[in-house]
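Everything on this sheet refers to the single structure shown next.
The values are calculated or read from the model by the stated rules, or taken from the named source; none is laboratory data. Not measured: the values here are computed from a predicted model. Don't worry about glycine lacking a Cβ; one is built from the backbone with ideal geometry, like all the others, and counts go over all protein chains shown.
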Amino acid sequence: MTTIILYGLRESLRRKMFAVVLVLTVLFLSLYAWGTHEAFKDTRGFVGVGQGNLNSEQLAGAIVFGLAMFATLFLGAVLAVFLTLNVVRGDAEAGLLQPLVVRPIGRTQLLLARFAGAAGVCVAYVLAVYFASVGITYWAGGWSPDRLVSPGIELAAAIVVVSSLALAGSVFLSPIANGIGTLMVFGAGLMAGLLGEIGHAINSHKLQHISRIAWWFVPFDALYEDALHRLTVNTTGFAKFVLELGPFGGSHRAGTPLLVWSVLYLVFVLAAAVTAFKRRDL
Amino acid sequence: MPPVLLAKGLEKRYGRTEALSGVDLEVGEGQLVGLLGPNGAGKSTLVKIACGLVRASAGSVEVCGAPAGSPPARRSLGYLAELFRFPSWMSADELLTLHQRLAGSTGGAAERTELLELVGLPHARATRVAAMSKGMQQRLGIAQALVGSPRLLLLDEPTSALDPAGRRVVRGLLEELRRRGTSVLLNSHLLSEVELVCDHVVIVDHGRVVAAGTPDQLRRQGGVEVETATGTRVFEDARREDVPRIVRELVAAGEEIYEVRVVASSLEDVYLEVVD
């Protein structure tokens with residue numbers, strides 16, 4: 001199994017995939033550092049009419065860090081999809097898979113190893129960008145999240161779920177169809193989350209209900225919103241209200257059942273992918 | 001000794017298309033069996049079922065006594081697909097190392113060196129797949145299939161991209177494998193190649209075995225031709241053992257004989273006869 005995990009990692013390294021990701025991430029973090037610095041500078045001491053309780057640093061910090069969370073989620077999702085979109089059908093059509101599948105390792109181990117490799121890379125990437133963003137935000141404005149580690153873990157878990165969907169999609173779909181499909185599901189999940197926020201803002205229980213139902217189908221959004229919630233879990237007052245309406249998805253507590261469901265969901269998706277792969281003619 | 005590969009009543013359907021309809025096939029220990037047939041006859045499907053890439057609709061296949069696709073069966077075989085590709089970023093040595101690990105081979109660098117020499121690529125150890133010609137990749141593919149010294153080698157069109165020199169290397173390799181006692185199922189379009197190296201030939205058409213036997217058994221005698229002073233005399237139904245009698249009779253009749261030929265049909269003639 002380790003052999004296949006290392007094979008996947010070396011493939012990404014040799015194809016300069018990591019180099020591209022690294023360059024783009026450094027670019028993003030540089031822009032983020034600049035933007036965050038300016039945001040804190042411009043909002044320092046700002047108190048709007050009737051907003052006497054507003055802590056401008058807290059508001060600016062949480063909002064710009066929300067942007068960092070959203071960007072990390074997006075970059076992580078793109079990485080997850082591109083690392084897994086061709087694992088089965090794409091590699092089989094190219095003739096890359098057959099020489100590996102006939103070896104004693106077997107299909108289950110092969111697929112799980114490819115998943116473990118991709119998920120490992122995504123988790124490391126998401127945590128690295130998350131903690132880099134935490135450091136930058138603290139450096140620029142002295143703000144740090146109320147919970148430091150758990151939001152990063154939830155963000156990484158959300159990406160692991162996305163990567164499992166792309167892996168499962170690779171059993172049935174060609175790489176392009178799978179990439180498009182998975183990114184559309186990812187986008188739909190985020191849209192459902194934003195729909196819930198609109199419902200929250202206009203006090204529409206139906207929209208909020210639809211959003212909550214969507215969480216069960218695409219739990220990565222639940223993990224993302226729960227992660228956002230943990231950033232400002234101790235924040236109160238007007239700042240809390242603004243942050244709950246955040247421009248990059250609402251920050252809402254998902255609750256233990258949904259967090260447990262996310263784990264079960266991952267297991268179900270992987271089990272379905274393995275079952276379908278074992279039955280597939282190559 | 002039980003056969004290394006045993007297929008019984010093998011059937012495979014892809015929707016309404018019947019790729020295999022009741023194929024029986026046996027490859028004995030150390031035997032080199034050639035699988036012939038037109039495109040779409042079911043040859044590659046048969047090979048893929050044997051190595052566990054495709055599931056049979058009915059019937060059974062055993063590799064070294066284990067069901068095809070099971071871990072013990074996979075441990076016993078080496079396979080080169082008809083359409084394959086290796087990661088372009090890997091060197092020959094890295095590819096063989098990967099397959100050594102996956103196959104559980106403990107041969108190490110010595111095995112890799114031996115395999116590259118065997119397929120005529122001793123200097124390509126550090127060459128990346130991307131820099132190799134199709135022929136070199138095919139030879140590397142054969143080396144990959146031989147990792148771990150499998151008891152059964154399944155080769156699906158192993159010489160399709162090779163030039164005549166490359167084909168000769170593979171022929172020599174097959175002879176060497178026979179000497180080592182490795183069983184081979186060779187799926188090929190090249191009848192001359194099969195005729196030269198295989199102990200046994202199976203011809204498949206429309207998913208069925210339409211002829212099987214040793215090359216000698218399949219080649220049928222097609223009469224006797226005698227060159228005489230008055231021209232060529234053809235005895236269509238005559239066989240080799242009839243030659244002394246025919247010569248005696250012609251000499252007795254006052255004919256002068258210059259040459260006698262026993263005409264035998266080639267494997268190609270037999271193939272074209274049995275295949276639609």
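For B:Glu157, the conditions (1) within 14 Å of another protein chain (Cβ to nearest Cβ); (2) over 16 Å from the mean Cα position of the chain (by Cα); (3) on the phi > 0 side of the Ramachandran plot are fulfilled apart from (2).
So which of B:Val63, B:Val33 ends up being away from chain A (no Cβ under 14 Å), crowded, with 19+ Cβ neighbours inside 10 Å and among the β-branched types (Val, Ile, Thr)? Answer to the check: B:Val33. Among residues of segment A:154-176 that are over 21 Å from A:Phe131 (Cβ atoms), those with a Cβ under 8 angstrom from a residue that is assigned to a helix (DSSP H, G or I) and basic (Lys, Arg), sequence gap 6+ or separate chain, pair up as A:Leu167/A:Arg114; A:Ser170/A:Arg89; A:Val171/A:Arg89; A:Phe172/A:Arg89; A:Leu173/A:Arg89; A:Ser174/A:Arg89; A:Pro175/A:Arg89. Candidates in segment B:202-218 are the residues that are out of contact with any helix residue (DSSP H, G or I) (no Cβ under 6 Å at 6 or more places or on another chain) and on the phi < 0 side of the Ramachandran plot; of these, the one that is surrounded by the most Cβ atoms within 10 Å (Cβ to Cβ) is B:Val202.
Exactly one residue among A:Ala132, A:Ala140, A:Ala116 is surrounded by 20 or more Cβ atoms within 10 Å (Cβ to Cβ), in a helix (DSSP H, G or I) and either in contact (Cβ under 8 Å) with a residue 24 or more places away in the chain or aromatic (Phe, Trp, Tyr) (or both), and that residue is A:Ala140. Checking each residue of segment A:66-84 against the condition of being crowded, with 20+ Cβ neighbours inside 10 Å, within 14 Å of chain B (Cβ to nearest Cβ) and touching a helix residue (DSSP H, G or I) at 6+ places or on another chain (Cβ under 9 Å) gives no match.
When you look at B:Ser183, is it crowded, with 16+ Cβ neighbours inside 10 Å, among the hydroxyl-bearing types (Ser, Thr, Tyr) and out of contact with any Ser or Thr (no Cβ under 9 Å at 6 or more places or on another chain), yes or no? Judged against the criteria, B:Ser183 is a match. Put simply, of A:Val162, A:Val87 the only residue that is surrounded by 24 or more Cβ atoms within 10 Å (Cβ to Cβ) and either over 22 Å from the mean Cα position of the chain (by Cα) or within 14 Å of chain B (Cβ to nearest Cβ) (or both) is A:Val87. Scanning segment B:72-104 for residues that are in a helix (DSSP H, G or I), more than 8 Å from chain A (Cβ to nearest Cβ) and without any contact (Cβ under 8 Å) to a residue 40 or more places away in the chain yields a total of 5. Determine whether segment B:221-242 contains at least one residue that is part of a helix (DSSP H, G or I) and either assigned by TED's automatic domain parsing to the domain that holds B:Glu195 or touching an Asp or Glu at 6+ places or on another chain (Cβ under 6 Å) (or both). No.
Take the conditions under 18 Å from the mean Cα position of the chain (by Cα) and in the same structural domain as B:Leu185 (by TED's automatic domain parsing) and apply them to B:Pro72. Does it pass? No: the conditions fail for B:Pro72.
Examine segment B:115-132 for a residue that is within 13 Å of another protein chain (Cβ to nearest Cβ) and surrounded by 19 or more Cβ atoms within 10 Å (Cβ to Cβ), and state whether such a residue exists. Within segment B:115-132 (the criterion being within 13 Å of another protein chain (Cβ to nearest Cβ) and surrounded by 19 or more Cβ atoms within 10 Å (Cβ to Cβ)), the answer is yes, since at least one residue qualifies.
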